[in-house]
Number of protein chains: 2
Amino acid sequence: MAKRTFNVERFFQALGDNTRLRLLNLIGEQELCVCYFVEILGHPQPKISRHLAYLRSAGIVSARREGKWMHYRIVTPPHIGAAQILRQTLDWLREDRAMQADRAKLSKACCSPEKFTSLEGAPLPTAITEVCCEAR
Amino acid sequence: MAKRTFNVERFFQALGDNTRLRLLNLIGEQELCVCYFVEILGHPQPKISRHLAYLRSAGIVSARREGKWMHYRIVTPPHIGAAQILRQTLDWLREDRAMQADRAKLSKACCSPEKFTSLEGAPLPTAITEVCCEAR
DNA sequence: CTAATATATGCGCATTGACGTATGTGTGGA
DNA sequence: TCCACACATACGTCAATGCGCATATATTAG
């Protein structure tokens, strides 16, 4: 399914879109299902889905199905250079105001899911579960 | 002329094209004039020029006129994150076979300009002059 | 089997990007 | 002043991309 040969052009092209950068920023070190992206970014679901497909075709994320939900996580690219660049990009995003706001909203959604009716029944992200909810 | 506000999307989009990566690889730490790109890459001059303009619009390179020649060099982006990513990208390119071949061809063109009639009279690159010709 | 939910994909449209070809612009030499 | 040279830009074309909207697919519940 996913492209076999890692493509440098495709890699950078995938990073050349703000929506996709926001998605990557939200995923971070965890595994997230699509409904969170839709809720946090406030964009129509097909748009989110297509951007995730783009990231997948570029070999930057992978998808795992769990029942009705699709979980996305960041994949370490086969090339060391690309891996370093991806990590550095994520570090860079972490310092951005708007990206921080996105992550804060995600934390809130995980800790207080009652305020996000669209997320009722949605599986919690992998790592955020502890990070976020143990802190309370 | 060049875009005032550094744009992250534009930055990555600029890196998402092999021709532009080859140009950046050729420039490296030096200053090169357009005729070298045309000669080494073997692409039509307008194509090279347009890609250089793209890189310039993305704030990745800057141009300096010296007589008839335009010298291009890599600019350090204003954002630390972007600067690191750009440097890492250049390091990554350095390890690529095809990119090494490009640089080798450039060295040859500088050391033996008599074999590259299109480069007669062209100003030598800034740093390659010593690096390449002192070694012989 | 049917319905509902979560997600993916098809379609039409507008924008951008890459390319070749032709032409414009700036500079120095005759 | 006119020409040659180095480079940039305009134009037309075609492919890729992004988007909204509608619809298809997969899975689970009933």
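For region A:8-122, the fraction of 1.4 Å probe accessible surface lying on carbon and sulfur atoms is 48 percent. What list of ³J(HN,Hα) values in whole Hz, one per residue of region A:92-101 in order, does the Karplus curve 6.51 cos²θ - 1.76 cosθ + 1.60 (θ = phi - 60°) give from phi, with Gly and Pro shown as x? After applying 6.51 cos²θ - 1.76 cosθ + 1.60, I find 5, 4, 4, 8, 7, 3, 4, 5, 4, 4 Hz. Per-residue Karplus couplings for region B:19-25, computed as 6.51 cos²θ - 1.76 cosθ + 1.60 with θ equal to phi - 60°, are listed in order as 4, 5, 5, 5, 4, 4, 4 Hz, Gly and Pro entered as x.
Distances between copies of A:ALA98, taken at a point 7 Å out from Cα along the Cα→Cβ vector and listed shortest first: 3.2 nm. Rounded to the nearest Å, what's the spacing between the alpha carbon centres of region A:18-33 and region B:4-76? Just the number, please. The two parts, judged by their Cα centres, are 31 Å apart. Position A:SER49: other-copy label points at 4.6 nm, ordered by increasing distance, label point 7 Å along Cα→C-beta. Working note: Karplus 6.51/-1.76/1.60 with θ = phi - 60° gives region A:28-36 the couplings x, 8, 10, 10, 10, 9, 4, 4, 5 Hz, where Gly and Pro are set to x.
With the label put 7 angstrom out from Cα along the Cα-to-Cβ vector, B:LYS68 ends up 7.1 nm from the copy partners, going from closest to farthest. Residues of region B:61-88 whose accessible area (probe 1.4 Å, heavy atoms of protein chains only) drops by at least 50 Å² once all protein chains are present, relative to their chain alone: B:ILE85, B:GLN88.
Annotation note: trypsin sites (Lys or Arg not before Pro) in region B:1-65 located in DSSP loop regions with a Cβ neighbour count of at most 10 within 10 Å are B:ARG4. Association of chains B and A removes close to 1600 square angstrom of accessible area from solvent, both sides included, for a probe radius of 1.4 Å.
Taking a ≥ b ≥ c as the square roots of the eigenvalues of the alpha carbon gyration tensor, region A:1-59 is prolate, as a/c is not under 1.5 and a/b beats b/c.
The values are calculated or read from the model by the stated rules, or taken from the named source; none is laboratory data. Because the structure is a prediction, the values reported are computed rather than measured. Backbone-built Cβ (ideal geometry, glycine too); neighbour counts: all protein chains shown. The protein model used for the area step is the full one, side chains on, heavy atoms only, and it has no ligands, DNA or RNA in it. Shrake-Rupley method; radii C 1.70, N 1.55, O 1.52, S 1.80 Å.
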